[in-house]
Amino acid sequence: MSKLAIDALSEALLSGSLKVVDLTVTLDAVTPTLQLPEEFGWGKSWPFSKELISRYDEKGPFWYWNNFKCGEHTGTHFDAPIHWVTGKDHEDHATDTLPPDRFVGPAVVLDATEQVKSNSDYLLSLDFIRSWEAEHGEIPAGAWVLYRTDWSKKATPEEYLNMQEDGGHTPGWDPEAVAFLAEERDIIGVGTETVGTDAGQAPAQEPSFPCHNIMHGANKCGLASLCNLDQLPTVGSVLIAAPLKIKEGSGSPVRVIALAPCD
Ligand code: MN
């Protein structure tokens, strides 16, 4: 069975009946990174930066390479359960110790594009998930649950972060919805198009940052700053997201791809 499945997969890739969709934003100096309120004295995540070592020149005549630096949670990135205090006591909960089967799974897409158009602070609800399941079937165990908002299509970093006097205004989750996914559906984790997996106003939610709090508390993972979710079917794709193997890393930038049937 497994050999047949791998053969069928290879054949589908070669014949072009499966497409590979890139769900990753480009890393550069203007890639938006989450900046938490300075008045709390909270730490700062480095934006991405890159420094030339050589480019076929006197520093290295035959080769081109760079140094780069950034926070673990920069651009399209992976959140490991160790990222949150609620997930700190799980075993194998960091980027280097997570079992690699957590890096591959079926993806389902919850499309709240319409709701978010009229409400940047939209919180995806448990009712939304129940209606989705009534139409598309139960969210399978081992799935990545992708929250489509088209937020990744914002034209500028300012519009993307949408910071106002009282913090960010970007969509997120009702705590009941994440609790259901974490406790009633044995998913790998959730992925969002926003800069983090929680809403811009998540510090004021109860609990604060409910997606981080509840998901990582249940030893689930997260993906943030995804794009191109509009190129995926609602069900029937497979997502691959393997973080850098940073020792005791809380997360890392990641190239996220999905295998999906061609239309
Ligand atoms: Mn993160």
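Just the residues that are near the ligand (Cβ under 10 Å from one of its atoms) and open to solvent by less than 40 Å² (accessible area, probe 1.4 Å), please, taken from region 77-110. Within region 77-110, His77, Phe78, Asp79, Ala80 qualify.
Of all the strands (runs of 3 or more DSSP E) wholly in region 154-263, which have at least 2 residues that are within 24 Å of Glu135 (Cβ to Cβ)?
189-192, 237-240, 257-261
Looking only at region 206-227, decide whether some residue is among the charged types (D, E, K, R) and either under 19 Å from Thr149 (Cβ atoms) or out of contact with any Pro (no Cβ under 8 Å at 6 or more places or on another chain) (or both). No, because not a single residue in region 206-227 is among the charged types (D, E, K, R) and either under 19 Å from Thr149 (Cβ atoms) or out of contact with any Pro (no Cβ under 8 Å at 6 or more places or on another chain) (or both).
Which residue is least open to solvent (accessible area, probe 1.4 Å), if the candidates are limited to region 220-244 and must be over 28 Å from His90 (Cβ atoms) and not aliphatic (A, V, I, L, M)? Looking at residues that are over 28 Å from His90 (Cβ atoms) and not aliphatic (A, V, I, L, M), I get Cys227.
Has region 150-165 got any residue that is out of contact with any Pro (no Cβ under 7 Å at 6 or more places or on another chain), of a type in the set (Phe, Trp, Tyr), crowded, with 20+ Cβ neighbours inside 10 Å and modelled with pLDDT of 95 or more? No, the conditions are met nowhere in region 150-165. Would it be correct to say that Ile257 is in contact (Cβ under 8 Å) with a residue 12 or more places away in the chain and under 16 Å from Leu27 (Cα atoms)? So Ile257 fits the description; yes. Checking each residue in region 120-149 for being in contact with a helix residue (DSSP H, G or I) (Cβ under 7 Å, 6 or more places away or on another chain) and either open to solvent by 40 Å² or more (accessible area, probe 1.4 Å) or over 27 Å from Ala80 (Cβ atoms) (or both) picks out only Arg148.
Take the conditions charged (D, E, K, R), touching a strand residue (DSSP E or B) at 6+ places or on another chain (Cβ under 8 Å) and closer than 17 Å to Ala204 by Cβ and apply them to Asp166. Does it pass? Spelling it out, it is not the case that Asp166 is charged (D, E, K, R), touching a strand residue (DSSP E or B) at 6+ places or on another chain (Cβ under 8 Å) and closer than 17 Å to Ala204 by Cβ.
Just checking, how many residues over region 48-76 are within 16 Å of the ligand (Cβ to nearest atom) and either surrounded by fewer than 18 Cβ atoms within 10 Å (Cβ to Cβ) or assigned to a strand (DSSP E or B) (or both)?
1
Go through the residues of region 194-214 one by one and say whether even a single one is crowded, with 18+ Cβ neighbours inside 10 Å, under 25 Å from Asp121 (Cα atoms), away from the ligand (no atom under 16 Å from the Cβ) and of a type in the set (Val, Ile, Thr). Within region 194-214, not a single residue is crowded, with 18+ Cβ neighbours inside 10 Å, under 25 Å from Asp121 (Cα atoms), away from the ligand (no atom under 16 Å from the Cβ) and of a type in the set (Val, Ile, Thr).
Quick check on Thr26: is it surrounded by 14 or more Cβ atoms within 10 Å (Cβ to Cβ) and of a type in the set (Ser, Thr, Tyr)?
Values: surrounded by 14 or more Cβ atoms within 10 Å (Cβ to Cβ): no; of a type in the set (Ser, Thr, Tyr): yes.
Criteria not met by Thr26.
Here Lys220 passes the criteria (1) within 15 Å of Phe103 (Cβ to Cβ); (2) away from the ligand (no atom under 14 Å from the Cβ) except the one numbered (2).
The values are calculated or read from the model by the stated rules, or taken from the named source; none is laboratory data. Just so it is clear, the structure is predicted and the values come from calculations on it, not from any experiment. Heads up, the Cβs are rebuilt from the backbone with ideal geometry, glycines too, and the neighbour counts pull from every protein chain shown. We work out accessible area using only protein heavy atoms, side chains counted, and drop any ligands, DNA or RNA first. Shrake-Rupley method; radii C 1.70, N 1.55, O 1.52, S 1.80 Å.
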